[in-house]
Amino acid sequence: MAWKVMMPKKIMFGENAAKEFPYPKNSLVITTTTPDIYNKWLNYMGIKNYEVYDKVTPDPAIETVEAIQKQIEGKNIEAYIGLGGGSSMDVCKYLSKLTGVPKILIPTTFGTGAEMTTYAVISFDHKKKLLQDEAFLADAAIVDPYFLPGTPFNIMRNSACDAAAQASEGYDSKAGNPFTRFLCKEAFDILYDAIMNDKHSMLPYGAMLSGIGFGNSSTTLGHALSYVFSNEGVPHGYALSSCTTVAHKFNESIYHKRFKEIAQKLKFEQLKLKKPLDQAADDIMPDRGHLDNNPIAVSKQDVIKCLDEIVNSNPLA
Ligand SMILES: [Zn+2]
């Protein structure tokens, strides 16, 4: 049996990582925030000779990628720097694949582990598409807890919950291997300690390990269940608090108890669903990418039972 694990060519992490990184000249910084925030970040990073594109919005579309291509036409850009949340990094990944220009990914909210993975989410014709390509892998990823303070509690807890869900579902995934399980286990232990004992500066490192671990295996039933709630506007990490708890119970995961403790500690509340459970289950069943990698087989009846437990009992009580 042979296994494959991919990660960015270069990873710098820990305090001052973004400050000490030797940035190439003539970079294009791609970000989502406003100048008052990113100018502070760029100052800290000490980066010189750069240009900024700051019009990336959440759920970025292919039109954004094309707009950037236009802006930099004929310029000699040596690297793209994706600085911000997932959407800056997704745009950066796609643009780099199109143009062959190297990319440096720097998350400022931690949880998705997107800086470590071969995945990108881009919308085409207003439809979100999850894409995977080896070309999306960062040439360098920089994980620096400097960006953490100032993150609102709500965003922090959603990210932390996502990272813990990804690590524990990734551990249980049938697509995993000894190395991804090693990474996911370590990631979960670090995230659990960081959340339960309020050591938030350890969240970025935990999320980073989770990203490499689940990014080379997959998430499973918890994530599959969560999308019907996301479609009704519940943030991803929030939806996972109940969905992954119930999925771990269904799977008899070794992480069931500790994941529930995390969700309780982060004070998540019970989820609601407008859609009838039977219809929601019909939406979930075709998600083979998640369900086929679940450690045990899942029937439509199982999905309905899980959804019922999520919305009609309080799984976090
Ligand atoms: Zn996730």
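Modelled spin labels at Met196 and Glu134, positioned 7 Å past Cα toward Cβ, are 4.0 nm from each other.
Entry note, the chain: relative contact order of 16 percent, from Cα contacts under 8 Å with a spacing of 6+ residues.
Along segment 192-206 the Karplus relation, 6.51 cos²θ - 1.76 cosθ + 1.60 evaluated at θ = phi - 60°, assigns HN-Hα couplings of 4, 5, 5, 7, 5, 10, 6, 9, 5, 5, 8, 4, x, 5, x Hz to successive residues, with x for each Gly and Pro. When the Cα positions of Val228, Asn177, Tyr94 are compared along the charge dipole of the chain, Asn177 comes out farthest toward the positive end, with charges on each C-beta of Lys, Arg, Asp and Glu. Any idea what angle helix 300-312 forms with the longest principal axis of the chain, computed on alpha-carbon atoms, 0 to 90 degrees, nearest 10? Tilt of helix 300-312: around 80 degrees. Counting only protein heavy atoms and a probe of 1.4 Å, the accessible surface of the chain is 52% carbon and sulfur. Close amide H partners of Lys103, meaning residues 5 or more places away or on another chain with modelled amide H under 5 Å apart, are Tyr80, Asp139, Ala140. Accessible surface computed residue by residue for the chain, with neighbouring protein chains in place and a 1.4 Å probe, gives 45 Å² per residue. Calculate how steeply helix 236-251 sits against the longest principal axis of the alpha-carbon atoms of the chain, using the helix alpha-carbon long axis, and give the answer as 0 to 90 degrees to the nearest 10. Long axis of 236-251 versus the principal axis of the chain: about 40 degrees. When His200, His248 are compared by accessible area of protein heavy atoms, the largest-first order is His200, His248, using a 1.4 Å probe.
Mean residue ellipticity, 222 nm, helices only, the chain: the sum of -39500 (n - 2.57) across DSSP H runs of n ≥ 4, divided by residue count and rounded to 500, is -15000 deg cm²/dmol. By how many degrees, between 0 and 90 and to the nearest 10, does the Cα long axis of helix 62-71 differ from the longest principal axis of the chain? So the inclination is approximately 10 degrees. Couplings 3J(HN,Hα) for segment 110-120, derived from phi with the Karplus relation 6.51 cos²θ - 1.76 cosθ + 1.60 (θ = phi - 60°), are 10, x, 6, x, 4, 5, 9, 9, 9, 9, 8 Hz, where x marks Gly and Pro. Here's how it looks for Ala61: its modeled amide H is under 5 Å from those of Ser123, which are all 5 or more places away or on a different chain. Ordered by solvent-accessible area of protein heavy atoms (1.4 Å probe), largest first, the residues Ser159, Ser226 come out as Ser159, Ser226. Residues whose amide H falls under 5 Å from that of Val143, counting only those 5 or more places apart or on a different chain, are Met12, Phe13, Gly14, with hydrogens built in the peptide plane. Couplings for segment 27-33, taken from phi via the Karplus curve 6.51 cos²θ - 1.76 cosθ + 1.60 with θ = phi - 60°, read 8, 10, 8, 10, 9, 10, 8 Hz in order; Gly and Pro are left as x.
With a Förster radius of 30 Å applied to the C-beta separation of Asn49 and Leu98, the computed FRET efficiency comes to 0.85. Name the longest site-free stretch of the chain, where the excluded sites are trypsin sites (Lys or Arg not before Pro) in a DSSP loop with no more than 15 other beta-carbon atoms within 10 Å. Counting at most 15 other Cβ atoms within 10 Å as exposed, the longest clean stretch of the chain is 76-173.
The values are calculated or read from the model by the stated rules, or taken from the named source; none is laboratory data. Please read all numbers here as calculations on a predicted model, not as lab measurements. Here the Cβ is made from the backbone with ideal geometry for all residues, glycine too, and neighbour counts use every protein chain on show. Quick note on the areas: whole protein, heavy atoms, side chains included, nothing else; ligands and nucleic acids left out. Shrake-Rupley method; radii C 1.70, N 1.55, O 1.52, S 1.80 Å.
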